[in-house]
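The values are calculated or read from the model by the stated rules, or taken from the named source; none is laboratory data. Treat the numbers as computed from the prediction; the structure is a model and nothing was measured. FYI the Cβ positions are ideal-geometry reconstructions off the backbone, even for glycines, and counts take in every protein chain you see. In case anyone asks, the SASA skips ligands and DNA or RNA and just uses the protein heavy atoms, side chains included. Shrake-Rupley method; radii C 1.70, N 1.55, O 1.52, S 1.80 Å.
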Amino acid sequence: MREIDIKECGGNFIKMIGEDWMLVTAGTENGYNTMTASWGGTGEIWGKDAAFILIRPQRYTYEFAEKNRRITLSFFGGEYKKELGICGSKSGREVDKACLTGLRPVFEEDYTYFEQASVVLVCRKMAYLDIDPAGFLDESIAEWYAAEDYHRMYIAEIEKCLVK
Ligand SMILES: Cc1cc2nc3c(=O)[nH]c(=O)nc-3n(C[C@H](O)[C@H](O)[C@H](O)COP(=O)(O)O)c2cc1C
C-alpha cells in the first residue's frame, strides 16, 4: 500500500462506512482484535483531520482500543461483505477472525490493518466521549440502547491514509 494525503483520498466516507462497512482494529502482533463497524465518520476537529469511531463497551475490540494509542480503519470498497459480516457477528473472545475469514493482518509496530483493504486510515486517539442519554434530543435514539450499552466515541487524528 502507498501513503497519500487524506484530502486526495476522494472517498465518500458516508458510503464507505455506512454501506460498505469497515474493520476497526486495535493492537499489535502481540495481541489485537478487529470488528466490523458501520457507524462513525471523518471530519475536522482541533486543527486535525479526524475520525470518529463508536465502540460499545462489551466488544472485545473495546479492550484493545482502550489499551492502544492507535486504531486503524480498514475499508474494502463493498467487497468482503461476507467476511465483514463474520467479523461483525462473532467475537474475538471466541474465534480467530483472521483464520475464519482469510483476511490477513498486517502488523506494524503499534497498529494492525488488513492486507485485502483498499483504503486504510491509521488513527491516533486524541480523546473519547461516552454517549450520554441525557443529551438525547430525539427520543427515538434510545431505541438503539435497550441494554444501556452506550457507545464510547473515540476522536482520533488521521495520521496516515494508505491506498492500494
Ligand atoms: C454491519 C455491522 C456494523 C456494526 N457496527 C458497529 C459499530 O459501529 N460499533 C460497535 O460497537 N459494534 C458494531 N457492530 C457489532 C460488532 O461488530 C460485533 O458485536 C462484533 O462481533 C464485535 O466483535 P468483538 O467482540 O470481537 O470486538 C456492527 C456489526 C455489523 C454486522
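Quick notes on this structure:
- Count of segment 57-81 residues which are surrounded by 17 or more Cβ atoms within 10 Å (Cβ to Cβ) and touching a residue at least 40 places away in the same chain (Cβ under 8 Å): 10
- Residue count, segment 43-56 (criterion: open to solvent by less than 60 Å² (accessible area, probe 1.4 Å) and either free of Cβ contacts under 8 Å to residues at least 24 places away in the same chain or part of a loop (DSSP other than H, G, I, E, B) (or both)): 2
- Residues that are open to solvent by 40 Å² or more (accessible area, probe 1.4 Å), away from the ligand (no atom under 16 Å from the Cβ) and either touching a Ser or Thr at 6+ places or on another chain (Cβ under 8 Å) or of a type in the set (V, I, T) (or both) within segment 109-164 comprise E109, D110, K164, listed in sequence order.
- Near pairs, Cβ below 7 angstrom, 6+ apart or cross-chain, from segment 97-118 (free of Cβ contacts under 8 Å to residues at least 60 places away in the same chain) to any residue that is surrounded by 21 or more Cβ atoms within 10 Å (Cβ to Cβ) and in a loop (DSSP other than H, G, I, E, B): Q116/Y80; Q116/L103
- Qualifying residue in segment 18-39 (condition: more than 20 Å from L103 (Cα to Cα) and in contact with a helix residue (DSSP H, G or I) (Cβ under 9 Å, 6 or more places away or on another chain)): yes
- Pairs, first in contact (Cβ under 8 Å) with a residue 24 or more places away in the chain and at positive phi in segment 9-36, second of a type in the set (A, V, I, L, M, F, W, C) and assigned to a strand (DSSP E or B), C-beta under 8 Å, six or more apart: W21/A37
- Of residues in segment 42-62 being closer than 17 Å to C161 by Cα and touching a Gly at 6+ places or on another chain (Cβ under 9 Å), the one nearest to the ligand (Cβ to nearest atom): I53
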